[in-house]
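See structure below.
Read the figures in this text as sums done on the coordinates, not as results from a lab. From a predicted model like this one, the values you see are computed outputs, not experimental measurements. Please note: Cβ atoms are built from the backbone with ideal geometry, for glycine as well, and neighbour counts cover all protein chains shown.
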Amino acid sequence: MSKKIVIVGTGAVGGYVGGYMARAGHDVTLVDVWPAHVEKIRTDGLALGGLTEPENFTVTGINAIHLTELHDFGKGGPFDIAFVSTKSYDTVWATRMIADFLAPGAFVVSLQNSINEERIAGVVGWGRTVGCIASKISVGLMEPGHIQRYVKLGGDEHTVFRVGEPHGRITKRIEEIRDLVGLADSAATTTNLWGERWSKLAVNCMRNPIAAATGRGGNDNDRDEHTRRLALGLAAEAVQVGEAHGFELEKIYGMAPADVVAAVSGDATALERCEAKLMESVATRSDEQLPSMGQDMVKRRRTEIGFINGLVVDKANELGLSAPLNAGIVEVVQRIERGEIEASPAAVAHLRV
């Protein structure tokens with residue numbers, strides 16, 4: 001008997017992964033808060049797009065429900081695996097909601113930005129909590145029922161999904177999750193969940209808020225020397241704070257953590273290497289690519305700034321450290337959210353490495 005899978009939050013990442021699972025024949029239920037998105041999937045299927053022809057297809061017959069319908073749908077039997085793929089600020093209520101519909105041996109997978117495993121464990125316990133990082137996937141949900149990917153598949157060049165246990169051991173269940181998300185792109189298990197998480201946080205710190213603050217896509221910001229170096233400065237602060245907390249960081253956008261720090265500390269050779277890496281990435285993605293926080297601004301949604309760059313600031317404060325660039329970008333994005341200033345490159349002109 002196949003396992004029942006539920007994905008709570010089927011926006012860009014959750015819907016993308018869920019679509020590939022459903023196409024492979026898995027019993028997947030998509031739960032979302034956007035009625036038009038749910039209805040479009042029900043009537044016309046979920047359309048997935050990418051940069052190559054095989055990535056463009058529509059999956060029909062997927063179980064898609066609005067969260068208000070979960071109570072009745074849940075009568076069909078409990079779920080064995082739950083993915084939470086909501087915004088970080090929705091983690092707790094989403095986990096509490098789905099917890100009542102889980103089978104005795106079921107567990108919850110965080111497929112999100114930021115670091116939310118502790119929030120999930122606070123609801124279901126550490127023994128039922130698994131982490132899954134999605135790295136350099138760059139997908140967007142800009143209209144109901146249609147998710148578009150803006151970067152090429154990772155394949156052998158880049159492992160997109162990394163699945164890990166909080167305790168760091170390799171278990172059968174994370175191998176199972178690896179195989180499920182691996183239907184969408186390259187995937188691996190990791191013994192370093194927390195280091196992987198913090199490394200992805202550093203990437204989010206350098207990509208998301210600059211898009212939100214400038215109103216520009218990733219490629220335009222990388223081509224601009226000021227925002228390119230600001231991105232490195234934001235990442236360097238995240239690296240320093242993470243390492244101060246004892247995390248063993250992995251590569252950040254293909255850059256060694258030590259190189260990122262050195263690049264903003266006066267090492268011209270390290271800066272050249274890091275900028276070259278960023279410019280290499282420009283060639284791998286569409287100019288239409290807009291990081292998720294930039295998408296939130298377009299949709300007038302609340303951003304995750306407090307859970308990404310704000311987390312770096314909070315974790316720095318815990319150790320008596322500072323992260324002034326991250327604190328500065330938090331202030332800028334929040335001012336834009338409040339309507340006090342407009343998103344533009346000028347909004348971050350005062351933030352300099």
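Count charges around I62 for me, please; just the other residues with Cβ under 15 Å from its Cβ, Lys/Arg as +1, Asp/Glu as -1.
With Lys, Arg at +1 and Asp, Glu at -1, the net is -1.
Residues in the stretch 260-293 near a label at A244, defined as backbone nitrogen under 14 Å from the 7 Å Cα→Cβ point?
What the label zone holds, given the 14 Å backbone N cut-off, is no residue at all.
Mind putting a number on the dipole of the chain about its Cα centre? Charges go on the C-beta only, +1 for Lys and Arg and -1 for Asp and Glu, and I need it in Debye to the nearest 20.
460
What is the stretch 48-132 by shape, rounded, prolate or oblate, if you read a ≥ b ≥ c off the alpha carbon gyration tensor as root eigenvalues and call it rounded for a/c under 1.5, prolate for a/b larger than b/c, and oblate otherwise?
Because a/c hits 1.5 or more and a/b fails to exceed b/c, the stretch 48-132 counts as oblate.
Placing unit charges on C-beta atoms (Lys and Arg positive, Asp and Glu negative, everything else neutral), compute the dipole magnitude of the stretch 201-342 about its Cα centre in debye, rounded to 20.
Computed about the Cα centre, the dipole is about 400 debye.
Per residue of the stretch 268-281, what does 6.51 cos²θ - 1.76 cosθ + 1.60 with θ = phi - 60° give for ³J(HN,Hα)? Whole Hz please, x for Gly and Pro, Karplus curve as stated.
Per-residue couplings from phi come out as 5, 5, 5, 4, 4, 5, 5, 5, 5, 4, 5, 6, 4, 5 Hz.
Fully extended, how many nm does the chain gain between T60 and V92 (0.36 nm per residue separation, minus their Cα-Cα distance)?
Here the answer is 8.5 nm.
Find out how many positive minus negative residues lie around G49, taking Lys and Arg as positive, Asp and Glu as negative, among other residues whose Cβ is under 12 Å from that of G49.
Here the charged neighbours net out to -3.
If you take the charge dipole of the chain about its Cα centre, with +1 on Lys and Arg Cβ and -1 on Asp and Glu Cβ, which of M97, A268, A231 is farthest toward its positive end?
M97
Can you tell me the order of 203-209, 85-91, 223-229, 344-350 when each peptide is scored by its average per-residue count of other Cβ atoms within 10 angstrom, highest first?
In decreasing order of mean packing, 203-209, 85-91, 223-229, 344-350 become 203-209, 85-91, 223-229, 344-350.
Show me the GluC sites (Glu not before Pro) within the stretch 292-353 that DSSP assigns to loop and that have at most 13 other Cβ atoms within 10 Å of their Cβ.
E340, E342
Rank by packing, highest mean first: peptides 308-315, 4-11, with packing defined as the count of other Cβ atoms within 10 Å averaged across residues.
Per-residue mean Cβ counts within 10 Å order the peptides as 4-11, 308-315.
Quick check: the distance between the Cα centres of the stretch 177-224 and the stretch 283-321, to the nearest angstrom?
Comparing the Cα centres of the stretch 177-224 and the stretch 283-321, I get a distance of 10 Å.
Rounded, prolate or oblate for the stretch 4-191? Axes are the square roots of the Cα gyration tensor eigenvalues, ordered a ≥ b ≥ c, and the cut-off for rounded is a/c under 1.5.
Verdict is oblate for the stretch 4-191.
In what order do F247, F161, F73 fall by count of nearby beta-carbon atoms within 10 Å, going from fewest to most?
F73, F247, F161
What number, in nm² with one decimal, is the all-direction average of the projected area of the convex hull of the alpha-carbon atoms of the stretch 202-353?
8.3
Provide the net charge surrounding W34, with neighbours chosen by a C-beta distance below 12 Å and charges set as Lys +1, Arg +1, Asp -1, Glu -1.
Net charge around W34: 0.
Need one number: % antiparallel among DSSP beta bridges in the chain, to the nearest 5.
Bridges in the chain are about 30 percent antiparallel.
Roughly speaking, what is the stretch gain from A99 to A349, that is 0.36 nm per residue apart minus the C-alpha to C-alpha distance, in nm to one decimal?
85.5 nm
With 22 Å as the cut-off, how large is the P(r) tail for the stretch 89-177, expressed as percent of Cα-Cα pairs?
38
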